[in-house]
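K.L.:
Before I ask anything, let me first share the structure, which is written out below as structure tokens.
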Amino acid sequence: MLSKKLQVALNAQVTAELHASHLYLSMAAHFSNADLPGFEAWMRAQAEEERGHAFRLFDFVLDRDGQVELGAIAAPATDFGSALTTMEATLAHEKKVSAQINDLYKLSGDENDYPAQVMLQWFVTEQVEEEKTAMDIIARLKLAGDDGAALLLMDQEMGSRGGGEE
Ligand SMILES: [Fe+2]
Ligand SMILES: [Fe+2]
């Protein structure tokens, strides 16, 4: 049985992952308007991925005979500026999520909930990957600088983001 405290925290994380999905979907629209279809496709895939994260937690709460309580999701911004500032906003958001996951992992330990800890280990690892990916893209955008041709080439690469990522 999940402790009340952990159940509340897991539910908050379900909402946080859905919020991330909402944010990335808005960034996808922003990239569409900016005529960067590769970045748009990448953000759409990212939004889907965040929904997947929400469902992992959602299913875990239900598997433990807990109660899912979804929270409100704030409306995301619509204009994120350049590709660079958009990806910087992505990295900032991922860092926030990493801190939330770390707090959740600590709480699961404090509550002696070993199944929750094992489940959350996946998220701890995933956040390292999420931050690394965003940092890599930012570094490449900085290399591209004001070179439109380099940005277009990068957009093509972003569009070829393969499946299989979680
Ligand atoms: Fe996530
Ligand atoms: Fe993420």
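K.L.:
Within the bounds of segment 53-72, is there any residue that is assigned to a helix (DSSP H, G or I), under 30 Å from residue 148 (Cβ atoms) and in contact (Cβ under 8 Å) with a residue 60 or more places away in the chain?
P.N.:
no
K.L.:
So, one more: Checking the conditions here, which among 13, 7, 46 is part of a helix (DSSP H, G or I), within 13 Å of ligand 1 (Cβ to nearest atom), over 15 Å from residue 158 (Cα atoms) and not charged (D, E, K, R)?
P.N.:
Exactly one of 13, 7, 46 is part of a helix (DSSP H, G or I), within 13 Å of ligand 1 (Cβ to nearest atom), over 15 Å from residue 158 (Cα atoms) and not charged (D, E, K, R), namely 13.
K.L.:
I'd like to verify a number: residues in segment 106-133 that are assigned to a helix (DSSP H, G or I) and crowded, with 17+ Cβ neighbours inside 10 Å, how many?
P.N.:
Total meeting the criteria: 11.
K.L.:
Another question, then. What are the residues in segment 110-166 that are hydroxyl-bearing (Ser, Thr, Tyr) and within 30 Å of residue 60 (Cβ to Cβ), if any?
P.N.:
Scanning segment 110-166 gives 114, 125, 133.
K.L.:
Still on this structure, please answer the following. With 22, 30, 53 as the choices, which residue is within 17 Å of residue 89 (Cβ to Cβ) and under 12 Å from the mean Cα position of the chain (by Cα)?
P.N.:
One residue alone meets the criteria, 22.
Since every read-out is calculated from the coordinates, none of them should be taken as a lab result. What you see is a predicted model; the values in this text were computed from it and never measured. Quick reminder, even Gly has a Cβ in these numbers, built from the backbone with ideal geometry, and neighbours come from all protein chains shown.
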